[in-house]
Amino acid sequence: MIGATPREDVRRALVVCAHPDDVDFGAAGTVASWTSAGVAVTYCLVTRGESGGDGTRPRAETGAVRQAEQLHAADLLGVAEVVFLDHPDGAVEPTQALRRDLTRVIRRVRPHRVLTWSPEINWDHLPTAHPDHRATGTATLAAVYPDARNPNAFPELHAEEGLEPWAVAELWLADAPRQLRNHCVDTTDFFERRMAALRCHVSQVGADAELADRLLAHFTDTAARYGLPRGRLAEEFQVVNTG
């Protein structure tokens, strides 16, 4: 396992994901560790998750419910801001329009670190390789490099909105193929907070009594693979220096 050394000068971070609950399943402990350390975290949701659920609600109602769930979860983790881009759930594509929307958010927030989902398929756990996740990762990668730092990309963002180019120093990818993951975050002290955030997504997790046990086993295994002491918990990522 090749270790990665993330930057220590991060004051602002941006998390970009496709749906409400993505971040709370995959990275809520890490987000809690950042906000507890004084990092200002912004969430950017590409969709409102209106295609999720059991089909008993109209799509618009489902989207409104899931938006409220995500706002509650973000509040529990100390997230500073949540942005919804309103692209269609289940039909996310890495279009120029989405790249422009993400570039706008990056230039406004000016994050030192961006966390998003890998554009690659995790063949070890195919259910998490949702097309929306991968499309979001592809578009975010393009927004981080080259779009947000390139003054000639989407020049209207500067001319009409005054948004100066911004270079993101570090990219974290969740759910990358296992062989590409190179960094873990010890989230032991934040497990209860991450579970409280995840439980906010009632429309998705319901009253799943075994959810905590499954995640506890998963994060315990992750920590062990990185050589952390027995009983510790960890979330893992592919960390990329974008300089």
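The values are calculated or read from the model by the stated rules, or taken from the named source; none is laboratory data. A quick note: this is a predicted structure, and the numbers were derived from the prediction, not measured. Every residue, glycine among them, receives a Cβ derived from its backbone with ideal geometry; neighbour counts consider all protein chains shown. In case anyone asks, the SASA skips ligands and DNA or RNA and just uses the protein heavy atoms, side chains included. Shrake-Rupley method; radii C 1.70, N 1.55, O 1.52, S 1.80 Å.
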Note to self: C-alpha centroids of segment 167-243 and segment 120-144 sit apart, in Å, by 16 Å
One finds, for ASP9 and GLN179 with R0 = 30 angstrom and r their Cβ-Cβ distance, a FRET efficiency to the nearest 0.05 of 0.55
Can you give me the distance in nm between label points at ARG230 and GLU160, each placed 7 Å from the Cα along the Cα-to-Cβ direction? 6.1 nm
From the square roots a ≥ b ≥ c of the eigenvalues of the alpha-carbon gyration tensor of segment 1-92, which class results: rounded (a/c under 1.5), prolate (a/b over b/c), or oblate? prolate
Rounded to the nearest angstrom and ordered from largest down, what semi-axes does the equivalent ellipsoid of segment 118-243 get from its C-alpha gyration tensor (root of 5λ)? 33, 18, 15
So if I take the alpha carbon set of the chain, get Rg, then get Rh from the Kirkwood formula, what is the Rg over Rh ratio? 0.95
log₁₀ of I(q)/I(0) at q = 0.25, 0.27 Å⁻¹ - segment 142-212, Debye sum with one point per alpha carbon: -1.07, -1.16
Which Cα, out of SER118, HIS87, ALA97, lies furthest along the positive dipole direction of segment 67-124 (beta carbon charges, K/R +1, D/E -1)? ALA97
If you count only protein heavy atoms with a 1.4 Å probe, what accessible area per residue comes out for segment 102-243, rounded to a whole Å²? 46 Å²
Mind ranking 190-196, 36-42 by how tightly packed they are, going by the mean number of other C-beta atoms within 10 angstrom, highest first? 190-196, 36-42
Listed residue (THR30, VAL46, THR5) projecting farthest to the positive dipole end of segment 1-51, Cβ model: THR5
For segment 45-125, what are Rg and Dmax over the alpha carbons, in angstrom? 14.3, 41
Provide Rg over Rh for segment 173-220; use the alpha carbon set for both Rg and the Kirkwood Rh (inverse mean inverse pair distance). 1.02
Work out from phi, with θ = phi - 60° and the Karplus expression 6.51 cos²θ - 1.76 cosθ + 1.60, the ³J(HN,Hα) of each residue of segment 223-232, listed in order in whole Hz, and give x for Gly and Pro. 4, 5, 5, 9, x, 6, x, 4, x, 7
Stokes-Einstein D for segment 94-188 (37 °C, 0.692 mPa s, Kirkwood Rh from Cα pairs), in µm²/s, comes to 233 µm²/s
Using only Cα positions of segment 128-173, each an equal point scatterer, no hydration layer, compute I(q)/I(0) via Debye at q = 0.19, 0.20, 0.28 Å⁻¹ and quote the log10 values to two decimals. -0.65, -0.69, -0.96
